[in-house]
Amino acid sequence: MTIPSRWVYIALLIQLSAAIYAPVREYSGPNFFSGWDYYGFVDNTTWGNVTYVDQNTGSSQKLTYVDPSSGHAIIRVDNTTNIPSAPLVNRNSVKITTQDAYPIGSLITIDVSHIPYGCSVWPSFWMLGTNLTWPFAGEIDIIEGINSLSQNQMALHTTPGCNLVANSTQTGHTVETDCSTGQGCLVQETKPNSFGVAFAQNGGGVFAAQLDVSGIYMWFWPRSSLPQSISHATSQSTMDLSDWGTPTAAYPSTGCNIAQYFQPQQLVLDITLCGVWAGVPSIYSSTGCSGQCINNVIGSGNPVYNEAYWDISYIRTYIATADANTPSPSAAVVYTTTTVDGASSTSDSPSSSTTTGSGNGNNAEHATNGGASAPRVTFGSGISITRALLIGASVAALWML
Ligand SMILES: *[C@@H]1O[C@H](CO)[C@@H](O)[C@H](O)[C@H]1NC(C)=O
Ligand SMILES: *[C@@H]1O[C@H](CO)[C@@H](O)[C@H](O)[C@H]1NC(C)=O
Ligand SMILES: *[C@@H]1O[C@H](CO)[C@@H](O)[C@H](O)[C@H]1NC(C)=O
Ligand SMILES: *[C@@H]1O[C@H](CO)[C@@H](O)[C@H](O)[C@H]1NC(C)=O
Ligand SMILES: *[C@@H]1O[C@H](CO)[C@@H](O)[C@H](O)[C@H]1NC(C)=O
């Protein structure tokens, strides 16, 4: 159908002033752990000294459970088993991956009260495109850190050709601009209380990631300064980003063709111990820890891993219903979001570079998603653009009277 351009114009105005992300799914409370696959074998991607348990072991050993008093999901390292010194040492921990994959056009929020921390501890909440070999489908690290670090780090991992541009509008500190390097295009948080003991003592906070053809954007707010759109949100409400402020990390498409480098992303939560980042002796000692990393893993597990747990109120996923207002200093800039019903999502082939990306850096970490079955790609209902156009049309009709 051909829509008169004036109607489109008005519909666009309405979309820009209205909340435009529709809720897709919430992982929370008693249902938090449905919809995830448990890894179920040793850490063979970041080479930490852990065995990632299967779902039954996770529940029976209380490594994954819903806290009855808070209703929050707890995901933790085993801190009750005595592990004697041996040539090969692995402690039980958890890595879980959503069965659903979230395409460009998605928005993710996570409300966390406690991120695992302590010497040898390496937690991560991240996203991985799994329908191609790593990193051809892209990786997005939203929460990540090690040992006694006090600042969160955000990063993208891709094949060569995707970069964080110098003129990116973000509050974080750029450590690396090339997303194909070992550590990825890495941005360090500059707000206080984003990780470790300070994050937990401050009551945690909320992190968010927006996947848009115009760019990938990530935010962090400490508990005390959540925007109203976040603090008032429910599992059913739409999300409007207009009070979100400048993101911590912004990867505009001027430096990275998002649709080319990123396929639909599965969400991953994990905690490893030591491994190719936290456990590298020089890194271990320069991030506030003494002795040898493995000596934390060996022994009773307590109190050394008493703080090695995630406490999560919810993870919410959204889909753009129309043109989304992305974080821009200029309200006049209108970005285009591809995915309304999935049909319009660009799917160019990833770069044909021969880079394999396997383990060439401290933090070239996450590699494959082993253990998870093929993801379901989730899209929004697709009704909202129709609704917006109908509203636009009726307003236009009134306006033309
Ligand atoms: C720790 O795990 C790594 C990776 O699996 C392994 O190479 C190393 O030998 C382990 N160290 C010990 C003491 O088990
Ligand atoms: C950043 O620079 C690029 C290339 O010069 C330009 O296309 C883009 O508009 C600039 N972005 C901002 C936010 O200034
Ligand atoms: C394990 O850690 C939790 C806190 O995360 C603590 O309540 C519990 O007492 C610890 N277990 C042991 C055996 O110390
Ligand atoms: C990966 O998934 C996306 C979205 O479903 C699709 O467009 C693309 O063709 C897939 N790529 C491969 C290699 O399967
Ligand atoms: C990790 O181990 C599992 C089980 O042996 C295997 O299926 C998976 O392919 C391995 N992943 C990597 C990256 O080696």
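The values are calculated or read from the model by the stated rules, or taken from the named source; none is laboratory data. Since we're looking at a predicted model, the values are computed, not measured. Neighbour counts are summed over all protein chains in view; Cβ atoms, including those assigned to glycine, are modelled from backbone coordinates with ideal geometry.
Note on region 298-321: residues that are in contact with a helix residue (DSSP H, G or I) (Cβ under 6 Å, 6 or more places away or on another chain) and either at pLDDT 95 or above or surrounded by fewer than 21 Cβ atoms within 10 Å (Cβ to Cβ) (or both) amount to 1. Looking for something of a type outside the set (Val, Ile, Thr), in a loop (DSSP other than H, G, I, E, B), touching a Leu at 6+ places or on another chain (Cβ under 7 Å) and closer than 30 Å to TYR21 by Cβ - is there at least one such residue anywhere in region 266-279? No, region 266-279 contains no residue that is of a type outside the set (Val, Ile, Thr), in a loop (DSSP other than H, G, I, E, B), touching a Leu at 6+ places or on another chain (Cβ under 7 Å) and closer than 30 Å to TYR21 by Cβ.
Scanning region 150-183 for residues that are crowded, with 21+ Cβ neighbours inside 10 Å and of a type in the set (A, V, I, L, M) yields MET154, ALA155, LEU156, LEU164.
Mind listing just one residue for me: the one in region 232-252 that is of a type in the set (Ser, Thr, Tyr) and surrounded by 21 or more Cβ atoms within 10 Å (Cβ to Cβ) and, of those, nearest to ASN31 (Cα to Cα)? This residue is THR248.
Of everything in region 59-88 that is in a loop (DSSP other than H, G, I, E, B) and of a type in the set (Val, Ile, Thr), the residue that is surrounded by the most Cβ atoms within 10 Å (Cβ to Cβ) is VAL77. Residues in region 157-188 that are away from ligand 2 (no atom under 16 Å from the Cβ) and hydroxyl-bearing (Ser, Thr, Tyr): THR158, THR159, SER180, THR181. Yes or no: region 253-263 includes at least one residue that is in contact with a strand residue (DSSP E or B) (Cβ under 8 Å, 6 or more places away or on another chain), of a type in the set (S, T, N, Q) and surrounded by 24 or more Cβ atoms within 10 Å (Cβ to Cβ). No: region 253-263 contains no residue that is in contact with a strand residue (DSSP E or B) (Cβ under 8 Å, 6 or more places away or on another chain), of a type in the set (S, T, N, Q) and surrounded by 24 or more Cβ atoms within 10 Å (Cβ to Cβ).
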